[in-house]
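Shown next, in C-alpha coordinates, is the structure this report addresses.
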Amino acid sequence: MHIISYKKLKDFITEHPDAGSPLNSWYKIVDKANFENFNDVRKIFPSADQVKNFVVFNIGGNKYRLIVFIRYTQKMVFIRHVLTHSEYDKDKWKEDSWHNLKE
(Lines give C-alpha, C1' and ligand atoms only; values in the text may rest on other atoms or scores of the structure.)
Protein backbone atom coordinates (compact mmCIF):
# COMPACT_ATOMS: atom_id res chain seq x y z
CA MET A 1 0.00 0.00 0.00
CA HIS A 2 1.20 3.50 -0.76
CA ILE A 3 0.88 5.63 2.39
CA ILE A 4 0.33 9.38 2.16
CA SER A 5 1.87 10.99 4.16
CA TYR A 6 4.48 9.95 6.67
CA LYS A 7 4.93 13.61 7.67
CA LYS A 8 1.75 13.53 9.78
CA LEU A 9 3.12 10.58 11.72
CA LYS A 10 6.53 12.23 12.09
CA ASP A 11 4.97 15.46 13.39
CA PHE A 12 2.84 13.55 15.90
CA ILE A 13 5.83 11.52 17.08
CA THR A 14 7.73 14.75 17.70
CA GLU A 15 4.97 15.83 20.13
CA HIS A 16 4.34 12.32 21.53
CA PRO A 17 7.64 10.38 21.43
CA ASP A 18 6.08 7.28 23.03
CA ALA A 19 3.88 6.94 19.92
CA GLY A 20 6.97 6.47 17.73
CA SER A 21 7.42 2.72 18.04
CA PRO A 22 3.76 1.72 17.54
CA LEU A 23 3.22 4.20 14.68
CA ASN A 24 6.38 3.11 12.90
CA SER A 25 5.35 -0.52 13.36
CA TRP A 26 1.91 0.24 11.86
CA TYR A 27 3.60 2.03 8.95
CA LYS A 28 5.91 -0.90 8.16
CA ILE A 29 3.05 -3.42 8.25
CA VAL A 30 0.70 -1.34 6.08
CA ASP A 31 3.45 -0.42 3.63
CA LYS A 32 3.90 -4.14 2.85
CA ALA A 33 0.17 -4.99 2.94
CA ASN A 34 -2.13 -5.45 -0.03
CA PHE A 35 -5.60 -4.62 1.26
CA GLU A 36 -8.47 -5.39 -1.11
CA ASN A 37 -11.17 -4.37 1.39
CA PHE A 38 -11.84 -3.69 5.06
CA ASN A 39 -11.97 -7.42 5.85
CA ASP A 40 -8.31 -7.62 4.81
CA VAL A 41 -7.50 -4.79 7.21
CA ARG A 42 -9.25 -6.62 10.06
CA LYS A 43 -7.21 -9.77 9.41
CA ILE A 44 -4.06 -7.86 10.36
CA PHE A 45 -5.59 -5.28 12.72
CA PRO A 46 -8.57 -6.96 14.46
CA SER A 47 -9.37 -3.86 16.53
CA ALA A 48 -9.62 -1.55 13.49
CA ASP A 49 -13.02 0.07 13.00
CA GLN A 50 -14.76 1.36 9.89
CA VAL A 51 -16.37 4.74 10.59
CA LYS A 52 -18.08 5.91 7.41
CA ASN A 53 -15.19 6.42 4.95
CA PHE A 54 -12.45 6.18 7.55
CA VAL A 55 -10.61 3.31 9.15
CA VAL A 56 -9.67 3.96 12.77
CA PHE A 57 -6.69 2.17 14.33
CA ASN A 58 -5.95 1.91 18.04
CA ILE A 59 -2.29 2.79 18.54
CA GLY A 60 -0.07 2.37 21.57
CA GLY A 61 -2.38 0.29 23.72
CA ASN A 62 -5.41 2.41 22.82
CA LYS A 63 -3.65 5.62 23.91
CA TYR A 64 -3.75 7.08 20.39
CA ARG A 65 -5.99 6.91 17.34
CA LEU A 66 -4.84 6.85 13.74
CA ILE A 67 -7.56 7.75 11.24
CA VAL A 68 -7.03 6.96 7.57
CA PHE A 69 -8.91 6.92 4.30
CA ILE A 70 -8.15 3.86 2.18
CA ARG A 71 -8.64 3.82 -1.56
CA TYR A 72 -8.46 0.06 -2.01
CA THR A 73 -8.59 0.05 -5.82
CA GLN A 74 -5.56 2.34 -6.03
CA LYS A 75 -3.71 0.72 -3.09
CA MET A 76 -3.46 4.08 -1.33
CA VAL A 77 -3.77 4.94 2.36
CA PHE A 78 -4.26 8.59 3.22
CA ILE A 79 -3.39 9.52 6.79
CA ARG A 80 -6.05 12.03 7.81
CA HIS A 81 -5.59 12.36 11.57
CA VAL A 82 -3.30 11.17 14.35
CA LEU A 83 -4.89 11.95 17.71
CA THR A 84 -4.64 11.30 21.40
CA HIS A 85 -7.57 9.35 22.77
CA SER A 86 -9.02 12.51 24.36
CA GLU A 87 -8.74 14.44 21.06
CA TYR A 88 -10.47 11.58 19.28
CA ASP A 89 -13.33 11.60 21.79
CA LYS A 90 -14.11 15.25 20.93
CA ASP A 91 -15.24 14.03 17.47
CA LYS A 92 -13.82 17.04 15.59
CA TRP A 93 -12.19 14.58 13.15
CA LYS A 94 -15.70 13.76 11.93
CA GLU A 95 -15.90 17.28 10.47
CA ASP A 96 -13.26 16.26 7.91
CA SER A 97 -14.82 16.53 4.44
CA TRP A 98 -13.41 13.08 3.55
CA HIS A 99 -15.54 11.50 6.29
CA ASN A 100 -18.57 11.53 3.97
CA LEU A 101 -16.71 11.63 0.67
CA LYS A 102 -18.51 9.96 -2.23
CA GLU A 103 -16.37 7.72 -4.43
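The values are calculated or read from the model by the stated rules, or taken from the named source; none is laboratory data. Keep in mind that what you see is a predicted model, and the values were worked out from it rather than measured. Here the Cβ is made from the backbone with ideal geometry for all residues, glycine too, and neighbour counts use every protein chain on show.
Among the residues that make up region 22-32, is at least one of them in contact with a helix residue (DSSP H, G or I) (Cβ under 6 Å, 6 or more places away or on another chain) and at negative phi?
The answer is yes; a qualifying residue exists.
Can you name the residue in region 25-50 that is of a type in the set (A, V, I, L, M) and in contact (Cβ under 8 Å) with a residue 12 or more places away in the chain and, of all such residues, is surrounded by the most Cβ atoms within 10 Å (Cβ to Cβ)?
Residue satisfying both the conditions and the ranking: V41.
Evaluate region 10-19: report whether one residue or more is touching a residue at least 24 places away in the same chain (Cβ under 8 Å), within 21 Å of K94 (Cα to Cα), under 14 Å from the mean Cα position of the chain (by Cα) and surrounded by fewer than 14 Cβ atoms within 10 Å (Cβ to Cβ).
Checked region 10-19: no residue is touching a residue at least 24 places away in the same chain (Cβ under 8 Å), within 21 Å of K94 (Cα to Cα), under 14 Å from the mean Cα position of the chain (by Cα) and surrounded by fewer than 14 Cβ atoms within 10 Å (Cβ to Cβ).
Out of the residues in region 76-103 meeting the condition of being part of a loop (DSSP other than H, G, I, E, B) and exposed (fewer than 14 other Cβ atoms within 10 Å of the Cβ), tell me which one is modelled with the lowest pLDDT.
Here the residue is E103.
Listed here are the residues, each with its yes/no results for (1) in a loop (DSSP other than H, G, I, E, B); (2) in contact with an Asp or Glu (Cβ under 6 Å, 6 or more places away or on another chain); (3) closer than 22 Å to E95 by Cα.
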residue	(1), (2), (3)
Y27	no, no, no
D31	no, no, no
N34	yes, no, no
N39	no, no, no
S47	yes, no, no
Q50	no, no, yes
V56	no, yes, yes
I67	no, no, yes
T73	no, no, no
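Find all pairs meeting these conditions: Cβ atoms under 8 angstrom apart; at least six residues apart or on different chains; first residue within region 74-92 and within 21 Å of I29 (Cα to Cα); second residue small (G, A, S) and surrounded by 13 or more Cβ atoms within 10 Å (Cβ to Cβ).
V82/A19
For K32, indicate whether it is of a type in the set (K, R) and more than 16 Å from I67 (Cα to Cα).
When the stated conditions are applied, K32 passes them.
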